[in-house]
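A.B. asks: Structure incoming, see below.
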Amino acid sequence: MNWPLIKTVVLLTASNVFMTFAWYAHLRDMKTKPWFIAALASWGIAFFEYLLQVPANRIGNSTLSLPQLKIIQEVITLTVFVPFLLFYMKQPLKWDYLWAALCVCGAVYFVFRK
């Protein structure tokens, strides 16, 4: 079992939850607040993202190339973002999202093939 890879994916997933809320939750919850209040709240959330993301990338870089690490991050981002979009932001799912996800799967194939 590749423990560094597992740790990397778990930490990046948790990091991405914080990142997604930092980047987008203010669009729903702080519409009436000035932008700088939303920015301060986002920075506060992003602090926790970085506490997870930095060690995740350091661990991941021990077994993955930098392009592989980046593509894994993008797959995790989509995996976290879609439920956020549907359940938190209450936006509809569109077929174009599936096609975009398939393109990212193609990127995973090309980055990881020998």
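Where a number appears in this text, it was derived from the coordinates with a stated rule and is not lab data. The structure displayed is predicted, hence computed values, not measured ones. Don't worry about glycine lacking a Cβ; one is built from the backbone with ideal geometry, like all the others, and counts go over all protein chains shown.
A.B. asks: Go ahead and run the numbers for FRET between Met89 and Asn2, Cβ-Cβ distance against an R0 of 30 Å, rounding to 0.05. Can you show the working numbers first?
C.D. replies: Values: r = 34 Å, r/R0 = 1.13.
Efficiency for this residue pair is about 0.30.
A.B. asks: Right, here's the next one. Using the basic label-point model (7 angstrom from Cα toward the beta carbon), what is the Ala39 to Cys103 distance in nanometres?
C.D. replies: 3.0
A.B. asks: Can you tell me the order of 94-107, 50-63, 4-17 when each peptide is scored by its average per-residue count of other Cβ atoms within 10 angstrom, highest first?
C.D. replies: So the order, starting with the most tightly packed, is 4-17, 50-63, 94-107.
A.B. asks: Now for a separate question. Can you compute 3J(HN,Hα) from phi for each residue in the stretch 69-81, using the Karplus curve 6.51 cos²θ - 1.76 cosθ + 1.60 with θ = phi - 60°, rounded to whole Hz and x for Gly and Pro?
C.D. replies: Coupling constants for the stretch 69-81: 4, 5, 5, 4, 4, 5, 5, 5, 4, 5, 5, 7, 5 Hz.
A.B. asks: On to the next question. I'd like the FRET efficiency for Asp96 and Leu66, computed as 1/(1 + (r/R0)^6) with the beta carbon distance as r and R0 of 22 Å, rounded to 0.05. Don't jump to the answer; show the numbers that get you there.
C.D. replies: Working: r = 29 Å, r/R0 = 1.32.
In this case the efficiency is close to 0.15.
A.B. asks: Per DSSP H run of at least 4 residues, take -39500 (n - 2.57); add these up for the chain, divide by its residues and hand me the 222 nm value, nearest 500 deg cm²/dmol.
C.D. replies: Working: 5 runs with 84 residues, N = 114.
That calculation yields -24500 deg cm²/dmol at 222 nm.
A.B. asks: At 25 °C and 0.890 mPa s, what whole-number value in µm²/s does Stokes-Einstein give for the translational diffusion of the stretch 60-114, with Rh from the Kirkwood sum over Cα pairs?
C.D. replies: Details: Rh = 12.3 Å.
This corresponds to a translational diffusion coefficient of 199 µm²/s.
A.B. asks: So how tilted is helix 35-60 from the main axis of the chain? Cα-based, degrees 0 to 90, rounded to 10.
C.D. replies: In the chain, helix 35-60 runs at an angle near 10 degrees to the longest axis.
A.B. asks: Output wanted: per-residue J couplings in Hz (rounded whole) for the stretch 21-26, from phi through Karplus 6.51 cos²θ - 1.76 cosθ + 1.60, θ = phi - 60°, x for Gly and Pro.
C.D. replies: In residue order, the calculated couplings are 5, 4, 7, 10, 4, 4 Hz.
A.B. asks: Moving to a separate point now. Percent of Cα-Cα pairs per 10 Å bin, from 0 to the last occupied bin, for the chain, please list those.
C.D. replies: All Cα pairs, binned at 10 Å, distribute as 14, 36, 34, 14, 2, 0 percent.
A.B. asks: Can you tell me, using C-alpha contacts under 8 Å and at least 6 residues apart, the relative contact order of the stretch 3-112 as a whole percent? Walk me through the intermediate numbers first.
C.D. replies: Numbers: 88 pairs, mean separation 39.1, N = 110.
It rounds to 36 percent for the stretch 3-112.
A.B. asks: Applying a 10 Å radius around every beta-carbon, put 29-40, 67-78 in order of their mean neighbour count, most first.
C.D. replies: Numbers: 29-40: 11.3, 67-78: 17.1.
Those peptides, ordered most packed to least, come out 67-78, 29-40.
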